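The values are calculated or read from the model by the stated rules, or taken from the named source; none is laboratory data. Please read all numbers here as calculations on a predicted model, not as lab measurements. With ideal geometry, Cβ positions are generated from the backbone for all residues, glycine too; neighbour counts draw on all protein chains shown. We work out accessible area using only protein heavy atoms, side chains counted, and drop any ligands, DNA or RNA first. Shrake-Rupley method; radii C 1.70, N 1.55, O 1.52, S 1.80 Å.
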Amino acid sequence: PLLSSKLERLWNSILPENGKLVVIHSSLIHFAFPREGLQEILVNSIKELSEKGWTVAIPAFTFSFCREGHYNYKYSKSETGILANWLLKAKGSLRTPHPIYSFAVIGPLAGELKACKNETTFGVGSTFEYFEYLNATYVMFGCGWKSCTQFHRYEETLKVPYRYYKNFSGQVDFGSGVTQTKVQMYVRNMALDAKNDFQIPSASIQHFGKPRRTLFYKGVVESLSTSEIAKICKNQLQDDPLAWLADKQRVAFRLKTDNC
C-alpha cells in the first residue's frame, strides 16, 4: 500500500544510519491517515524496523496507577496513545515492567529494556537512563517536543527545587501474579503550585538541536538524539533551575519565604 512505502521512506530520512534504539512519541490524529488497515500498516512498519536491527520503544504510560494503585501489564491500556496498544498485540513485542512509565518495545534490545531496575522513575537504572546511555533517537511522530518525557530525567538529575521524591504504592501484576510494589518518582511539589512550561525546552531544541524534520501527510515528524536533548536540557537547567516554569518568579519567591 502507498502508506507502507511512504513510512519506509520516512524512517530512512528521519533516522540515523547507525542507530540501535528509537523512542517514538506519537499523536496519530494530526496526520489524518486513511483509516482502512491503519493498525496493521503501522505495526508492520515498526516490525520491519526491528527486523533491520532497530529496537523500537513506544510509551504505554498508565498515570492512573498514581491514583488507583492497580496495574496489570496485560490489561492496563496505554494512556498515552493507541500506537502502544497496537504494538503490544504484535508477536515479539513486550512491555517493560513499570506501573506508571512502561513502554511497548520490540527489537534486539527489548530484553535489556525490560531488565531496567528503575530505582527511581527517571534516575539510576531507569529506562530513561538507558535511553541516554545508548543515545536513543527520539522521534516526535505528529506531536511536539513538549511531549518528550525524557525532559523529566534532567529535572531529576539536576534536582530542580520545585520537585521532590514521592513513593507510589499499589498492586501490580507483571505476569506472575499480583504483588505489592512501591515506585519512587520525582514529582512536582503541589504546595508550590509550580506549572511546567515545556515549550521552553522545546524551543531550545528547535533552535540549538536542529532536529531532522519532515512533513508527512498532514502532520510533522522530527527526530533528535538523546545526547543532544541531554546537552540542551542540562545547560538550560544548570543556568536556571526554574527555567522550565511558566511562573518562575512566583515560585522563586515561595521557595525563599515558605517551608514548602
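Largest mean-square fluctuation among Ala57, Ala84, Ala32, in a Gaussian network model of the chain whose springs join Cα atoms under 10 Å apart, belongs to Ala32. When the Gaussian network model of the chain links Cα atoms closer than 10 Å, the mean-square fluctuations of Ser225, Ser176, Ser13 top out at Ser176.
Placing unit charges on the Cβ atoms only, positive for Lys and Arg and negative for Asp and Glu, gives the chain a dipole magnitude near 200 debye about its Cα centre. A Cβ-based charge dipole, computed about the Cα centre of region 15-97 with Lys and Arg at +1 and Asp and Glu at -1, lands at about 240 debye.
What share of the DSSP beta bridges in the chain is antiparallel, in percent to the nearest 5?
Details: 28 of 39 bridges.
Roughly 70 percent of the DSSP beta bridges within the chain come out antiparallel.
Each residue of region 216-229 was assigned a 3J(HN,Hα) from its phi angle through the Karplus expression (A = 6.51, B = -1.76, C = 1.60, θ = phi - 60°), giving 9, 6, 9, x, 10, 10, 9, 9, 7, 6, 5, 4, 5, 4 Hz with x at Gly and Pro.
Where does each of Arg35, Arg213 land when they are ordered by accessible area, with a 1.4 Å probe and the largest first? Working shown, then result.
Details: Arg35 215, Arg213 150 Å².
Of Arg35, Arg213, the descending order of accessible area is Arg35, Arg213.
Go ahead and estimate [θ] at 222 nm for the chain from helices alone: -39,500 (n - 2.57) per DSSP H run with n ≥ 4, summed, over the residue count, rounded to 500.
Computed ellipticity for the chain at 222 nm equals -9500 deg cm²/dmol.
Restricting attention to region 1-144, lysine pairs at least eight places apart or on different chains and with alpha-carbon atoms under 19 angstrom apart total 17. Rolling a 1.4 Å probe over the protein heavy atoms gives region 210-250 an accessible area of 54 Å² per residue.
By the scheme Lys and Arg +1, Asp and Glu -1, what is the net charge of all other residues having a beta-carbon under 14 Å from that of Glu8?
Working: positive: Lys6, Arg9, Lys47, Lys52; negative: Glu48, Glu51.
Within the 14 Å Cβ shell, the charges total +2.
Below 12 angstrom from the Cβ of Val221, what's the summed charge of the other residues (Lys, Arg +1; Asp, Glu -1)? Present the calculation step by step, with values, prior to reporting the outcome.
Working: positive: Lys6, Arg9, Arg212, Arg213, Lys218; negative: Glu222.
Taking every other residue near Val221 into account, the sum is +4.
For region 1-75 versus region 141-163, the inter-centroid distance based on Cα atoms is 21 Å. What residue among Gln199, Gln171, Gln180 has the largest mean-square fluctuation in a Gaussian network model of the chain, using Cα springs under 10 Å? The residue that fluctuates most here is Gln180.
Panel note: the C-alpha atoms of the chain, placed on their principal axes, show extents of 62, 48, 31 Å (largest first).
Using alpha carbon coordinates only, what is the Rg to Rh ratio of region 148-241, with Rh defined as the Kirkwood radius?
Values: Rg = 17.3 Å, Rh = 15.8 Å.
Checking Rg against Rh, the ratio lands at 1.09.
Given +1 at the Cβ of Lys and Arg, -1 at the Cβ of Asp and Glu and no other charges, the dipole of region 134-230 around its Cα centre is 120 debye to the nearest 20.
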